[in-house]
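Have a look at the structure below, then the notes.
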Amino acid sequence: MISHVILGAADLEASKAFYDAALGALGHREGRTIPGMGRVMYMTRTGTFGISIPINGEPASCANGSTIGFAADSEEAVLAFHKAGVENGGTSIEDAPGLRQSPFGDLYLAYLRDPAGNKICAMYRPE
């Protein structure tokens, strides 16, 4: 359903270090910097995630009420994502990483704010 998501970044290098670590913990390759564009892209067969200096020249800002969720293959991957994110400039938010009940079944989640303040999470759906 979703082809790509791009989040604004105030400090592209800090955001790249954060996402290289956090997404690396989920098994993704390091982001590719696009020369002359102020963007870093993380591409897979099923979609693309990017960070970008806003093209309109205005400051980057996060959207209140928005969350970007990244799929994880295990509870350990969720914990590794969270640890890598915190160690690379992210801030742990909401409850501690762990299992949560939802109307859609059990979810193992970890939430972070990236260096620009964007809210992201890693999610694993246990069997």
* Asked: Ordering LYS16, LYS83 by how much accessible area each has at a 1.4 Å probe, largest first, what is the list?
  -> LYS83, LYS16
* To do: For region 10-127, give the percent of accessible area contributed by carbon and sulfur heavy atoms, probe 1.4 Å, rounded to a whole number.
  => 51
* To do: Using a 10 angstrom cutoff on alpha carbons, build the Gaussian network for the chain and name the most mobile of PRO59, PRO35, PRO115.
  => PRO35
* Structure fact -> For region 1-47 the translational diffusion coefficient, Stokes-Einstein from a Kirkwood Rh over Cα pairs at 4 °C and viscosity 1.567 mPa s, in µm²/s, is roughly 114
* Structure fact -> Per the 1/(1 + (r/R0)^6) rule, R0 = 22 Å and r from the Cβ atoms of ARG32 and ARG125, FRET efficiency to 0.05 is 0.15
* Structure fact -> Percent relative contact order for the chain, counting Cα pairs under 8 Å at least six residues apart, stands at 28
* Asked: Ordering SER52, SER3 by how much accessible area each has at a 1.4 Å probe, largest first, what is the list?
  -> SER3, SER52
* Asked: Picking from GLU75, GLU87, GLU58, which is most flexible by a Gaussian network model of the chain using Cα springs under 10 Å?
  -> GLU58
* Of the residues ARG45, ARG29, ARG100, which exhibits the maximal mean-square fluctuation in a Gaussian network model of the chain defined by a 10 Å Cα contact cut-off? -> ARG45
* **Values of log10 I(q)/I(0), in the order q = 0.13, 0.16, 0.23 Å⁻¹, for the chain under a Debye, Cα-only, solvent-free model** => -0.50, -0.75, -1.47
* **Area of ILE68 that stays accessible when all protein chains are in place (1.4 Å probe, Å², to 10)** => 40
* Asked: Mind checking the angle between helix 75-87 and the chain's longest principal axis? C-alpha axes, 0 to 90 degrees, to the nearest 10.
  -> 40
* **Whole-number accessible area per residue in Å² for the chain, which is evaluated in the context of all protein chains at 1.4 Å** => 59
* Structure fact -> Measure of exposure for MET123: accessible area at 1.4 Å probe, Å² rounded to 10, is 50
* To do: With r as the distance between the Cβ atoms of SER3 and ILE93 and R0 = 25 Å, compute the FRET efficiency 1/(1 + (r/R0)^6) and round to 0.05.
  => 0.40
* Asked: In the full protein assembly as shown, how much of ASP114 is accessible to a 1.4 Å probe, in Å² to the nearest 10?
  -> 10
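The values are calculated or read from the model by the stated rules, or taken from the named source; none is laboratory data. Because the structure is predicted, anything quoted here is derived from the model rather than measured. Cβ coordinates were reconstructed from backbone atoms using ideal geometry, including for glycine residues, and neighbour counts include every protein chain displayed. All accessible areas refer to the heavy atoms of the entire protein, side chains included, with ligands and DNA or RNA removed. Shrake-Rupley method; radii C 1.70, N 1.55, O 1.52, S 1.80 Å.
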